[in-house]
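The values are calculated or read from the model by the stated rules, or taken from the named source; none is laboratory data. This one's a predicted model, so the numbers in the text were calculated from it and none came from an experiment. Positions of Cβ are backbone-derived with ideal geometry, glycine not excepted, and every protein chain shown enters the neighbour counts. The area values use the complete protein model at the heavy-atom level, side chains included, leaving out ligands, DNA and RNA. Shrake-Rupley method; radii C 1.70, N 1.55, O 1.52, S 1.80 Å.
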Amino acid sequence: MGQKTTELEEQVRELKDKAVAELSDTATEEEVQQVKARYLGRKGSIVALFSQLGSFSSEDKPAAGKLINEAKQAVQTEVERQLERLAQEKKAADRLDVTLPGRRRRLGHKHPLSRVMDDAVAIFRRMGFITADGPDLETEYHNFDALNTPPDHPSRDLEDTFYLPDGRLLRTQTSPVQIRVMENQPPPVRTICPGRCFRRDTPDMTHSMNFHQIEGLYVDRHVTLSELKGTLSRFARELLGPEVNVRFRPHYFPFTEPSIEYDFSCIMCEGKGCSVCKYSGWLEISGAGMVDPAVFEAVGYDPEEWTGYAFGMGVERIAMMRYAINDIRLFYDNNVRFLEQF
Ligand code: PHE
């Protein structure tokens, strides 16, 4: 073996050792590839040794070439070993460590308004009412005209209603859902529509710019006011307890005739009078009445043939009584300490 071959051997070993050392130091696949390129790439320092072969005697050339090839092979093997190591490490990091203590997942709470709405819908469903939904953004037609509410009616006033520039509005009540249901199906109808409503009220303990109603509508032949009273009484007792009473008071709504307002007896004091019911023994829930023939005409039902009752229900009012909450604004603050109590 000539002097040159010994020198080459030295050089090859040095490069190979350096490459192996660098490879064992890598932390990512990318780093491995970079080291590989430095030694084995087209311009890599081990590959570059091949260019020296020309200066070897034909006798030494095969041995010299073999030396370089062996080094190349050794580095290539090391590259593969390191890639395998990194893959294993990644797998281990992804694996679940079952010995770690568990992390407690905090359970959310159903909002008190959702509770009341879900419970109310469940009760009405048992009575045969089917849930319907309508848009929060309504047309004037559905929110007012079709509900026999003439353009000069005070509830249309800008003070009460949020209008959009395009003439639509944020619905002031869930009653437009009645219209949408009747437009889409022939009688008989038995539907319940929980939803959000909006009015330009100044927020205080009992007023909010958005609130929730549940609308009920029953249309059939020979429907009577006493059925309305029976349905609402039954509902009140299912929701709040067997001792609750319902009281009707005459009222006016454009879309019902006759119209009533109805109250539930206060469950806090059992009607004796307390701060929740402002010492009256009763809590006003909302309005109701027999569907006005003009509403049936608007949706194409024959008012000579069909009769019906409709009612609205203030969800916040019921929730305030049920959970003894004295400020409506608490429902919308989303204070976790408040919500956690339900
Ligand atoms: N929509 C009425 C209101 O918001 C309530 C109501 C519903 C009255 C259905 C009669 C019939 O006050």
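Kindly provide the set of residues from region 157-201 that are within 16 Å of the ligand (Cβ to nearest atom) and charged (D, E, K, R), ordered by number.
If the condition is that a residue be within 16 Å of the ligand (Cβ to nearest atom) and charged (D, E, K, R), then Asp157, Glu159, Asp160, Arg171, Arg180, Arg190, Arg196, Arg199, Arg200, Asp201 are the ones that fit.
Evaluate region 269-287: report whether one residue or more is surrounded by fewer than 19 Cβ atoms within 10 Å (Cβ to Cβ), at negative phi and assigned to a helix (DSSP H, G or I).
The answer is no, given that none of the residues of region 269-287 is surrounded by fewer than 19 Cβ atoms within 10 Å (Cβ to Cβ), at negative phi and assigned to a helix (DSSP H, G or I).
Within region 230-255, which residues are more than 24 Å from Leu113 (Cα to Cα) and surrounded by 14 or more Cβ atoms within 10 Å (Cβ to Cβ)?
Once the filter is applied, which keeps residues that are more than 24 Å from Leu113 (Cα to Cα) and surrounded by 14 or more Cβ atoms within 10 Å (Cβ to Cβ), region 230-255 yields Phe248, His251, Phe253, Pro254, Phe255.
Based on what the data block shows, is Leu217 within 11 Å of the ligand (Cβ to nearest atom), part of a helix (DSSP H, G or I), out of contact with any Leu (no Cβ under 6 Å at 6 or more places or on another chain) and among the hydrophobic types (A, V, I, L, M, F, W, C)?
For Leu217, the condition - within 11 Å of the ligand (Cβ to nearest atom), part of a helix (DSSP H, G or I), out of contact with any Leu (no Cβ under 6 Å at 6 or more places or on another chain) and among the hydrophobic types (A, V, I, L, M, F, W, C) - is not met.
Residue by residue, here is whether (1) of a type in the set (Lys, Arg); (2) open to solvent by 20 Å² or more (accessible area, probe 1.4 Å); (3) at pLDDT below 95 holds:
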| site | (1), (2), (3) |
| --- | --- |
| Asn143 | no, no, no |
| Pro150 | no, yes, yes |
| His153 | no, yes, yes |
| Glu159 | no, yes, yes |
| Asn184 | no, yes, no |
| Pro187 | no, yes, no |
| Ile192 | no, no, no |
| Asp204 | no, yes, yes |
| His212 | no, yes, no |
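Among (1) within 34 Å of the chain's Cα centre (by Cα); (2) hydrophobic (A, V, I, L, M, F, W, C); (3) within 10 Å of the ligand (Cβ to nearest atom), which single condition is Val291 missing?
So the condition that Val291 fails would be (1).
Within region 190-219, which residues are within 19 Å of Ala122 (Cα to Cα), touching a helix residue (DSSP H, G or I) at 6+ places or on another chain (Cβ under 6 Å) and not polar (S, T, N, Q)? If you could, list the steps in order and put the result at the bottom.
Of the residues in region 190-219, the ones within 19 Å of Ala122 (Cα to Cα) are 190-196, 212-218.
With touching a helix residue (DSSP H, G or I) at 6+ places or on another chain (Cβ under 6 Å) added as a condition, the list becomes 191-194, 212, 214-215, 217.
Residues satisfying the conditions are Ile192, Cys193, Pro194, His212, Ile214, Glu215, Leu217.
Give the residue that is farthest from the chain's Cα centre (by Cα), with candidates limited to residues of region 307-342 that are more than 26 Å from Arg106 (Cβ to Cβ) and in a loop (DSSP other than H, G, I, E, B).
Filtering region 307-342 for residues that are more than 26 Å from Arg106 (Cβ to Cβ) and in a loop (DSSP other than H, G, I, E, B), the one farthest from the chain's Cα centre (by Cα) comes out as Asn326.
Under the condition of being in contact (Cβ under 8 Å) with a residue 40 or more places away in the chain and outside any loop (DSSP other than H, G, I, E, B), which residue from region 297-306 is least open to solvent (accessible area, probe 1.4 Å)?
The residue in question is Val299.
Give the residues of region 53-83 that are touching a residue at least 12 places away in the same chain (Cβ under 8 Å), among the polar types (S, T, N, Q) and farther than 13 Å from Gly2 by Cβ, sorted by residue number.
Gln76, Gln82
Mind telling me which of the residues Arg38, Arg42 ends up being farther than 15 Å from Glu9 by Cα and either surrounded by 14 or more Cβ atoms within 10 Å (Cβ to Cβ) or touching a helix residue (DSSP H, G or I) at 6+ places or on another chain (Cβ under 7 Å) (or both)?
Arg38
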